[in-house]
Amino acid sequence: MQTPSTAQIRTAIEVLKKFGEHINHNAVNTMIELSDSQLHDQQPGRIEARTIEQTTRIETVAAQLESWRNELLQQGRQCVSHHV
C-alpha cells in the first residue's frame, strides 16, 4: 500500500468533517419532521443517540488521520534535516 500524501490525508479529514455536518443536518431535519407528526416519543431520543454515535466515530477517525498526518509531516522534516 502506498502511503498517502499529507494533502490527501488533509482532504480525507475535511471530507469526514463535511460528512459529520451532513449527518447532523439530516438529524435536525428528521427531528423537525417528527415534531410535525404523531410518532412515538422515543424516536427523537434514538435519532439523537444514533447521530451522536456516528459523529463521535467520525471525529475519532478524523483525529487518527490528523495524528498520522502529523507523523508524516514530522518524518518529512527529519528527512530534510538529515539531507541538509
Quiz item: Using all Cα-Cα distances in the chain, what percent lands in each 5 angstrom bin from 0 up to the longest?
Solution: 3, 13, 17, 15, 12, 10, 9, 7, 6, 4, 2, 2, 1, 0
Quiz item: Hey, what angle do you get for helix 6-35 against the long axis of the chain, alpha-carbon based, 0 to 90 degrees rounded to 10?
Solution: 10
Quiz item: Round to a whole number: what % of the accessible area of the chain belongs to carbon and sulfur, probe 1.4 Å?
Solution: 54
Quiz item: Using the alpha-carbon atoms, what tilt in degrees (0 to 90, nearest 10) does helix 43-83 show relative to the longest principal axis of the chain?
Solution: 10
Self-check item: Farthest toward positive dipole pole in the chain [+1 Lys/Arg, -1 Asp/Glu at C-beta], among G76, A12, I47
Solution: G76
Exercise. Multiply the residue gap between R50 and M1 by 0.36 nm, knock off their C-alpha separation, and tell me the result in nm, one decimal place.
Key: 14.3 nm
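Residue separation times 0.36 nm, minus the C-alpha to C-alpha distance between R77 and N26: what's the value?
Working: separation 51, 0.36 × 51 = 18.36 nm, distance 4.13 nm.
Taking R77 through N26 to full extension adds about 14.2 nm, to one decimal.
The values are calculated or read from the model by the stated rules, or taken from the named source; none is laboratory data. Treat the numbers as computed from the prediction; the structure is a model and nothing was measured. All Cβ positions, glycine included, derive from the backbone under ideal geometry; neighbour counts span all protein chains shown. Heads up: the accessible areas ignore ligands, DNA and RNA and are worked out on the full protein's heavy atoms, side chains in. Shrake-Rupley method; radii C 1.70, N 1.55, O 1.52, S 1.80 Å.
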